[in-house]
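Data block below; observations after.
The values are calculated or read from the model by the stated rules, or taken from the named source; none is laboratory data. Since the model is a prediction, treat every value here as computed from it, not as a measurement. Every residue, glycine as well, gets a Cβ built from its backbone with ideal geometry; the counts of neighbours run over all protein chains shown. These area figures cover heavy atoms from the full protein model, side chains too; ligands, DNA and RNA do not enter into them. Shrake-Rupley method; radii C 1.70, N 1.55, O 1.52, S 1.80 Å.
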Amino acid sequence: MKTDVVVVGAGPAGCAAAHDLALQGIRVRLLDRVEFPRKKVCAGGLTVKARRALPYSAEPVVQRTVSSLAVSCRMRRQRFFTGKDPICHMVDRSAFDFFCLQKTVAAGAVFKIVNRIESIVETRGIVTMNTDFGPIRCRYLIGADGVHSRVRLLTGRFKAIRFGFGIEGIVKDLPDNDPGMGFDFDKVCGGYGWVFPKKDHINVGLYTQRWPARIRRQDLADYASRRLGGAPPEQVSGYRLGMGGWRYWPGRGRVLLAGDAAGLVDPLLGEGLYHAIVSGRKAARAVTDAMDTGCDACRSYGFALAPIQRELLFARFAAAVFYRLPDMGYSLLTSPAARIPLMGGFARGMTLLDLVLNGVRFWIGRI
Ligand SMILES: Cc1cc2nc3c(=O)[nH]c(=O)nc-3n(C[C@H](O)[C@H](O)[C@H](O)COP(=O)(O)OP(=O)(O)OC[C@H]3O[C@@H](n4cnc5c(N)ncnc54)[C@H](O)[C@@H]3O)c2cc1C
């Protein structure tokens, strides 16, 4: 079987890439190892910038939009950040990913289940993937198969990524008072606890940027009971997050990595959807340009991803300081000088680095 591009992994990164390629009239096969809809371990917080990065409206799958946030440090000194505009959209990842896949197939991508990829070989401008249903040949391969990427492993030309960890569950027994969206920083070492309200349940979880992670199910049950009361969370699952992408060149030969496979999760908050969507789209753009002009797709993808890598490097630095000195970091975060621009910036879809650079420019302008 021969096609122009194969995208492995039909999560947000893979769908974003396959969608854009298909719209350009490029023959693209999107492979995943499971049928959709499928469960994905995720809190389902789609930030404003992530929603804007999508090539279509996510309106049909947004369950709730929030414009305020409760934060605490170790569940003490709780502060409320209230804004006029939305800062985050709540989705159910199973429904969101299925919706993205449907949009991608409607754009012209061919979706196929692959149980196992045995090997990946690149020779004379052709990438051959040997799979359980036979070989697939393509001109470019995009690995968007998540944190445990088999494409990254089998290609053998990428460094190992770093890991973070998150555990989440759902609480169906809604408390009388709507808890709203909340982060409890330093609830676990190097991370936080979260409460994300959806339409008919609350997603509750714990995140750490440290690996190996020392979070147990009981820690989540204790957190949920302190934060929400009532019954313990159901459907509890944990999963790794792919990090460290600020240090890697995300393409080799004719193979490009996107999303968690490329380690593109923000270590400060564990946000990965935005980077998955943006990197998927940038990978598609690099491949389209290479097919049109003969330029080197990996090289142009590497340069196109540099701003994202800078943002992630900054987030890495911010996380190192914030989680090492959480009390000081929390005081800074909740000071009016930070709180107001943060809420405004997030509502405008800005990244943390944009916000800080804007702040610096503002103060320099006043001097
Ligand atoms: C507990 C938790 C909570 C999170 N909460 C948030 C949040 O609220 N907001 C946010 O922005 N980010 C969040 N993240 C991060 C976010 O989930 C990821 O960054 C995002 O899913 C990455 O998208 P992706 O497309 O790169 O990979 P994935 O979403 O992991 O998709 C990869 C796809 O590849 C498929 N696949 C894997 N291996 C193979 C294979 N060998 N062959 C074929 N297919 C394969 C998988 O089935 C899957 O469909 C959270 C992560 C965790 C663990």
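What's the angle, to the nearest 10 degrees (0 to 90), between helix 352-366's Cα axis and the longest principal axis of the chain? It works out to around 60 degrees.
Between D292 and Q102, what FRET efficiency comes out of the Förster formula 1/(1 + (r/R0)^6) with R0 = 22 Å and r the beta carbon distance, rounded to 0.05?
Details: r = 28 Å, r/R0 = 1.26.
The formula returns an efficiency of 0.20 here.
Per 0.36 nm of contour for each residue apart, how much would the distance between R64 and D176 grow if the chain were fully extended, relative to their Cα-Cα spacing?
Details: separation 112, 0.36 × 112 = 40.32 nm, distance 1.78 nm.
Using 0.36 nm per residue and subtracting the Cα-Cα distance, I get 38.5 nm.
Listed peptides 147-155, 347-355, 172-180, 255-263 appear in the order 255-263, 147-155, 347-355, 172-180 once ranked by packing, highest mean of other Cβ atoms within 10 Å at the front.
Among 120-127, 159-166, 321-328, the peptide with the highest mean count of other Cβ atoms within 10 Å heads the list, and the full ranking is 159-166, 321-328, 120-127.
Return a whole-number percent for the relative contact order of segment 163-242, with Cα pairs under 8 Å and 6 or more residues apart as the contact set. Numbers along the way, then the final one.
On the way: 164 pairs, mean separation 34.4, N = 80.
The normalised contact order for segment 163-242 reaches 43 percent.
Evaluate the charge dipole of the chain about its Cα centre and quote only its size in Debye, nearest 20, assuming +1 on the Cβ of each Lys and Arg and -1 on the Cβ of each Asp and Glu. All intermediate terms of the calculation are to be shown ahead of the outcome.
Working: 53 positive and 31 negative charges, 155 e Å.
The calculation lands at about 740 debye.
Phi angles across segment 170-185 convert, under the Karplus curve 6.51 cos²θ - 1.76 cosθ + 1.60 with θ = phi - 60°, into 3J(HN,Hα) values of 10, 10, 8, 7, 6, x, 4, 8, 4, x, x, 7, x, 10, 10, 5 Hz, Gly and Pro given as x. Measuring r between the beta carbons of H148 and Q235 and using R0 = 25 Å, the FRET efficiency lands at 0.75.
Cysteines in the chain that lack a partner Cβ within the 4.7 Å cut-off: C42, C73, C88, C138, C189, C295, C298. Using bins of 20 Å that start at zero, the share of Cα-Cα pairs per bin across the chain amounts to 30, 56, 14, 0, in whole %. Amide H contacts of F163: M243, each under 5 Å away and 5 or more positions distant or on a separate chain (H built 1.01 Å from N in the peptide plane; Pro and chain starts excluded).
Considering only protein heavy atoms, what per residue accessible area in square angstrom results for the chain with a 1.4 angstrom probe? Display every interim value, and only then the final one.
On the way: 16380 Å² over 367 residues.
For the chain, the per-residue accessible area is 45 Å².
The R299 and T128 beta-carbon pair, evaluated with R₀ = 22 Å, returns a calculated FRET efficiency of approximately 0.50.
Charges were assigned to the Cβ only: +1 to each Lys and Arg, -1 to each Asp and Glu. The resulting dipole of segment 291-333 about its Cα centre is roughly 160 debye.
So, with a 1.4 angstrom probe, what is the percent of accessible area on the chain that is carbon and sulfur?
Carbon and sulfur atoms account for 53 percent of the accessible area of the chain.
For helix 273-293, what angle does its Cα long axis make with the longest principal axis of the chain, in degrees from 0 to 90 and rounded to 10? That works out to roughly 20 degrees.
The HN-Hα couplings worked out from phi for segment 92-104 by the Karplus form 6.51 cos²θ - 1.76 cosθ + 1.60 (θ = phi - 60°) are 9, 4, 4, 5, 4, 5, 5, 4, 4, 5, 4, 4, 5 Hz, whole numbers, x standing for Gly and Pro.
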